[in-house]
Amino acid sequence: MTLKPVLSLGLAAALLLSTTASAADYLIAPVRPNKLVVVDAAAMAVDKVIEMEEAGPAPFVPVVDAAGRYAYVNINQTESIAKVDLLSGETVARRDLSDAQTQVKTLFGLDLAPDGSLLAVYESPTALHLTHYEVLPTRISLLDPNTLETVRSFEVPRQITVIMFSADGSKIYGLGRAMHVFDVATGTQIDEMPTQAWQTERYYPSDILDAWSQFETSGMLVTPFYTARSDMSLDAPETYRTGILTMDRASGEMTMRDVRALDVFYFSMAASPDHTRAYGAYNVLESFDLVSGTPIKRVELPHSYYSVNVAPDGKTVWLGGALADLAAYDAETLEKKGQVDMPGGASMSLGSIRMFQRSD
């Protein structure tokens, strides 16, 4: 009789573990000219190929909801937003942002609120007059995720690339010549943290090129930046520096730090879910200790990769973008674990590879 409660607790724990373990990891990769490729991460195999109409030259930024059911992606030369059912493969909603009077580009700015209530889109509109073009103020539009209709818009600075909601959904961070912070409810800019003007008393203005959204498993936007020491000779190789910028969507804390001499470039970076490491990729893959701000290990890659992401358990680093394969590397050793080729050898170009989980 005394064993019954123990057995009941054990059964309950087993059921809980079974429920938790049922959430499977997937990747979504946008490929030229009009496809989203869903990949089963554990099987390292293509799960589904989804085609969209009038999507070329390529989809760029897919954003997947918390349930892993729907993806939102900018298509049609970044002038349209599509909502795609990842199970059926159907496009269930589409919004063409441009019309006969105004051309609207979204470029790389797209994110979904953590509670799924709003889709934020960074828009660069241009009025099309008969004799000339008129550049209009850039803005962030908040769309209804179900209908893709605009709920409201507010003007924001130019040259923002990546946008990210805060963890509580009350703010939007926009990475540009500074890290701009906007209040979602009012549309007002409530803060601005220096990026290009970081520590100019010791460094020349920092250079950042970030066009990849890959912060969903860590909750941290990470990007490399490049600069030079203004207090050292420009003839010395050590003068030129690589840095890492991190923006924590939960705490709102942004950090920029000098991590090594500049000897190679990284196109993008991503953080581990526990925020202890960052991984940078382009022609090499390198790991960095985010606690000490020091490099850990570097390996050569067989070709260029633009986008890097980290699995939810922190054990695998995924590389994509540029050409036509997703590559998996061990997060600790940086040894290659596997590869998934895109159907037909289709290029991912500048597309962001995203990770999501779904209970199958």
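General remarks:
- Residue ID - surrounded by the fewest Cβ atoms within 10 Å (Cβ to Cβ), chosen from residues in the range 319-340 that are of a type in the set (D, E, K, R) and farther than 11 Å from VAL31 by Cβ: GLU335
- All of LEU136, LEU148 fail the test of being farther than 22 Å from SER117 by Cα, more than 19 Å from the chain's Cα centre (by Cα), modelled with pLDDT of 95 or more and surrounded by 14 or more Cβ atoms within 10 Å (Cβ to Cβ), apart from LEU136.
- Residue tally, condition without any contact (Cβ under 8 Å) to a residue 60 or more places away in the chain and over 15 Å from SER272 (Cα atoms), over the range 302-336: 10
- Inspection of the range 251-267 identifies at least one residue that is under 25 Å from ALA322 (Cα atoms), at pLDDT 95 or above and in contact with a Gly (Cβ under 7 Å, 6 or more places away or on another chain).
- The C-beta contact set for the range 119-131 (first residue more than 17 Å from VAL73 (Cα to Cα), second residue aromatic (Phe, Trp, Tyr) and surrounded by fewer than 20 Cβ atoms within 10 Å (Cβ to Cβ), distance under 8 angstrom, 6+ apart or interchain) comprises THR126/TYR133; ALA127/TYR133.
- The residues of the range 336-360 that are in a loop (DSSP other than H, G, I, E, B) and either touching a strand residue (DSSP E or B) at 6+ places or on another chain (Cβ under 7 Å) or of a type in the set (Asp, Glu) (or both), listed by number, are MET342, ALA346, SER347, MET348, GLY351, SER352, ILE353, ASP360.
- Qualifying position, being assigned to a strand (DSSP E or B) and surrounded by fewer than 20 Cβ atoms within 10 Å (Cβ to Cβ), among ALA228, ALA278, ALA270: ALA228
- The one condition in (1) modelled with pLDDT of 95 or more; (2) within 26 Å of PRO114 (Cα to Cα); (3) under 19 Å from the mean Cα position of the chain (by Cα) that TYR282 fails to fulfil: (2)
- Residues satisfying the stated conditions in the range 75-104, i.e. charged (D, E, K, R), within 22 Å of GLU155 (Cα to Cα) and either surrounded by 19 or more Cβ atoms within 10 Å (Cβ to Cβ) or more than 21 Å from the chain's Cα centre (by Cα) (or both): ARG95, ASP96, ASP99
- Residue match in the range 105-120 (condition: part of a strand (DSSP E or B) and surrounded by fewer than 17 Cβ atoms within 10 Å (Cβ to Cβ)): no
The values are calculated or read from the model by the stated rules, or taken from the named source; none is laboratory data. Treat the numbers as computed from the prediction; the structure is a model and nothing was measured. All Cβ positions, glycine included, derive from the backbone under ideal geometry; neighbour counts span all protein chains shown.
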